[in-house]
């Protein structure tokens, strides 16, 4: 009887805790988190580990967050453009394992954004654009 009470308590507590273990954010929450991280990085020009984690999980959603959060002048200014490229690089460091949404593992919006940046005055003189494009293409080449 003495072992039955602690065992019952463990089973009850396990039943309460178990549903909370499967709490993954949905796409809307992920987009909000990505937008917040973009806003923080672009205003403070500092990355936190939290921001890195959000970008690692975002994939193509990072480009969507950039386009929806920043103005055209922010995206195309040479100083801010380097921050944008850093975000895009982080978003595709490990797309097959880190990006939570399968559709975000493919850089559709990201490549459109990079092409748009290449056609701006600041983008024509920025060699990092081609490097980032090539890096993302290489990282996503073998995805299904």
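Conditions tested, residue by residue: (1) more than 19 Å from residue 32 (Cβ to Cβ); (2) surrounded by fewer than 19 Cβ atoms within 10 Å (Cβ to Cβ); (3) under 16 Å from the mean Cα position of the chain (by Cα).
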| residue | (1), (2), (3) |
| --- | --- |
| 63 | no, no, yes |
| 81 | yes, no, no |
| 91 | no, no, yes |
| 119 | yes, yes, no |
| 130 | yes, yes, no |
(message) Residues that are under 15 Å from residue 42 (Cβ atoms) and either touching a helix residue (DSSP H, G or I) at 6+ places or on another chain (Cβ under 8 Å) or without any contact (Cβ under 8 Å) to a residue 24 or more places away in the chain (or both), at least 3 per element: which helices (runs of 4 or more DSSP H) completely within the stretch 58-144 meet that?
(response) 61-69, 72-76, 78-91
(message) Which condition from (1) at pLDDT below 95; (2) buried (at least 18 other Cβ atoms within 10 Å of the Cβ); (3) over 15 Å from residue 39 (Cα atoms) is the one that residue 136 breaks?
(response) (1)
(message) Considering only the stretch 19-27, I want to know if a residue exists there that is under 17 Å from the mean Cα position of the chain (by Cα), at pLDDT 90 or above and either surrounded by 12 or more Cβ atoms within 10 Å (Cβ to Cβ) or not in a loop (DSSP other than H, G, I, E, B) (or both).
(response) no
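The values are calculated or read from the model by the stated rules, or taken from the named source; none is laboratory data. Predicted model only: the values in this text are computed from it and were never measured. Every residue, glycine as well, gets a Cβ built from its backbone with ideal geometry; the counts of neighbours run over all protein chains shown.
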